[in-house]
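Below is one structure; the comments refer to it alone.
The values are calculated or read from the model by the stated rules, or taken from the named source; none is laboratory data. Quick caveat, the model's predicted, so the values are computed rather than measured. So basically every Cβ, Gly included, is an ideal-geometry build from the backbone, and we count neighbours across all protein chains shown.
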């Protein structure tokens, strides 16, 4: 697992350049362009289970869904941030991408430190220090486990026999 560190005000154009908005819609088309202007090595080296640690206002900008789609597709375990744009936050939920607001953990992290997330106990461990975050609602975890809101909804409808 690798930790990717980015600062404040990373907008949707930095996450996925707008010039691809109408030509890339499938996750496999989105992946090569994720963070290409901000960090050209990201899409080449990111692995399932990696974590992003970000500053304030992550995902600001347009309501483009490709950043959340792509980050979920590549298997990002979670994004730990100081704060998130509300539009990006909603898009992430729709995709089943977990966002954790925990400013103290972000401020503690330095390159090379180990990071582990215990979702059941709402704890982030950075080296030997731990940081609490608000418990994630079971629905958010269920959406993540289902692979996104669409699949979660399909599953719920099937369970109800519709």
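Points to keep in mind about this one:
- Restricting attention to region 4-34, the residues that are surrounded by fewer than 15 Cβ atoms within 10 Å (Cβ to Cβ), within 27 Å of residue 112 (Cβ to Cβ) and touching a helix residue (DSSP H, G or I) at 6+ places or on another chain (Cβ under 7 Å) total 0.
- Some residue of region 63-77 being free of Cβ contacts under 8 Å to residues at least 24 places away in the same chain and out of contact with any strand residue (DSSP E or B) (no Cβ under 8 Å at 6 or more places or on another chain): no
- Positions within region 98-152 being touching a strand residue (DSSP E or B) at 6+ places or on another chain (Cβ under 9 Å), buried (at least 16 other Cβ atoms within 10 Å of the Cβ) and over 18 Å from residue 88 (Cβ atoms), in sequence order: 105, 108, 109, 115, 117, 119, 124, 125, 126, 131
- Highlighted here would be helices (runs of 4 or more DSSP H) found entirely within region 1-71 that include at least 2 residues which are at positive phi, but there are none.
- Flag for residue 97 being within 13 Å of the chain's Cα centre (by Cα), part of a loop (DSSP other than H, G, I, E, B) and either under 16 Å from residue 5 (Cβ atoms) or at pLDDT 95 or above (or both): yes
- Pairs with Cβ under 6 Å, 6+ apart, first in region 93-113 and more than 30 Å from residue 149 (Cα to Cα), second assigned to a loop (DSSP other than H, G, I, E, B): 113/127
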